[in-house]
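The values are calculated or read from the model by the stated rules, or taken from the named source; none is laboratory data. Model, not experiment: these values are computed from the prediction. Neighbour counts are summed over all protein chains in view; Cβ atoms, including those assigned to glycine, are modelled from backbone coordinates with ideal geometry.
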Amino acid sequence: MHKILVINPGSTSTKLAIYEDENLISKDTVRHSSEELAPFKHIAEQYEFRKEVIKKFLEKEGYHLSAFSAIVGRGGLLRPIPGGVYEINELMKEELRERKFGEHASNLGALIAHELASEYNIPSFIADPVVVDEMIDIARFSGHPDFERKSIFHALNQKAVARATAEKMNKKYEEVNLIVVHMGGGISIGAHKKGKVIDVNNALDGDGPFTPKGLEHYQ
């Protein structure tokens, strides 16, 4: 039996879960108000704040870090990569710390997961980060040759929902075609074809519908 701690920092919340193999044991969603996050000029400055949230969750649930076989953090803005599970390494951490490909709360997932895991020599991973890029060539056209559409979206949640939906249909994710919509602090709409997200709006740079997070700037 393997216990796994899952950390998912989002723009307006920190989602946490504990699994035993594939069985969900405990979960919590800690919401963060605009006032709570206001003191942090940059998302990177939320590091200790988010880590404390995780430690309080573990304390409440009665778990110690040494009990876990692995820790998984939400992947952040890295270079474009296919969907899947990746072990956290120094290059990944460097790109996230330096915000080489942008800044988002999801960047904190891998950094915090690796630090917590390193304390007890536990492996740490990310899964389906926001930069999953499986778009077909024609989906990259924006209408102007100097601007190529990018794949930055809620890949972790979209692929999880797609797999769960396929299972309910008694099929594998790689056998179905789906339209999946993520609605939260950001919104992304993806076309899933046989296990790949072949087209999706850029949920980071405003390519898509207005979101609750975006509307805060107009209130």
- Note on the structure: By residue number, the members of region 192-202 that are free of Cβ contacts under 8 Å to residues at least 24 places away in the same chain and at negative phi are 193
- Query: Taking residue 115, is it loosely packed, with under 15 Cβ neighbours inside 10 Å and under 23 Å from residue 10 (Cβ atoms)?
  - Reply: no
- Query: Of the numbered conditions (1) in contact (Cβ under 8 Å) with a residue 24 or more places away in the chain; (2) closer than 22 Å to residue 139 by Cβ; (3) surrounded by fewer than 20 Cβ atoms within 10 Å (Cβ to Cβ), residue 184 satisfies every one except a single condition; which is it?
  - Reply: (2)
- Note: among 54, 25, 18, just one is more than 19 Å from residue 2 (Cα to Cα) and among the β-branched types (Val, Ile, Thr), namely 54
- Message: Can you tell me which condition residue 166 does not meet? The list is (1) more than 17 Å from the chain's Cα centre (by Cα); (2) at pLDDT below 95; (3) among the hydrophobic types (A, V, I, L, M, F, W, C), and all the others hold.
- Response: (2)
- Taking region 114-155 and keeping only residues that are among the aliphatic types (A, V, I, L, M), touching a residue at least 60 places away in the same chain (Cβ under 8 Å) and over 26 Å from residue 181 (Cα atoms), one is left with 116
- Could you check region 1-97 for strands (runs of 3 or more DSSP E) lying wholly inside it with 1 or more residues that are within 18 Å of the chain's Cα centre (by Cα) and loosely packed, with under 14 Cβ neighbours inside 10 Å? 23-31, 85-87
